[in-house]
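One structure is given here, and the rest of the page talks about it.
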Amino acid sequence: MELRHLELAERHIAEGERRIAEQEQLIARIARIGADTTEAQKLLNNFFATQMQHIEHRERILKELEK
């Protein structure tokens, strides 16, 4: 069961990395045209926070597997 949870956590982390990269590219495009990036940056910050939660979750699973 823990291995399935680890697999899911790894998938969430990979998806998070993709979303973060896409959002960073979007912010760069918005900034190039001189538009306000405030809301896009807020969303990126949320992505970072969520990513940290996924990483922490993976770490907890790995600790359980070490037992």
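Scanning segment 9-41 for residues that are in a helix (DSSP H, G or I) and of a type in the set (S, T, N, Q), which turns out nearest to residue 62 (Cα to Cα)?
Restricting to residues being in a helix (DSSP H, G or I) and of a type in the set (S, T, N, Q), the top hit is 23.
Can you name the residue in segment 30-44 that is of a type outside the set (A, V, I, L, M, F, W, C) and surrounded by 11 or more Cβ atoms within 10 Å (Cβ to Cβ) and is also farthest from residue 8 (Cα to Cα) among such residues?
Initially, segment 30-44 is screened for residues of a type outside the set (A, V, I, L, M, F, W, C), giving 32, 34, 36-39, 41-42.
From what is left, the residues that are surrounded by 11 or more Cβ atoms within 10 Å (Cβ to Cβ) are 37, 41.
Values: 37: 32, 41: 27 Å.
Among those that are of a type outside the set (A, V, I, L, M, F, W, C) and surrounded by 11 or more Cβ atoms within 10 Å (Cβ to Cβ), it is 37.
Looking at segment 1-26, I want the residues that are surrounded by 15 or more Cβ atoms within 10 Å (Cβ to Cβ) and have a partner that is among the β-branched types (Val, Ile, Thr) and modelled with pLDDT of 95 or more with Cβ atoms under 6 Å, at least 6 apart or on another chain. Which pairs are those?
Filtered contacts from segment 1-26: 5/61; 6/61; 9/61.
The values are calculated or read from the model by the stated rules, or taken from the named source; none is laboratory data. On a predicted model such as this, the values are computed, not experimentally measured, just so you know. All Cβ positions, even for glycine, are placed from backbone atoms using ideal geometry, and neighbour counts span all protein chains on display.
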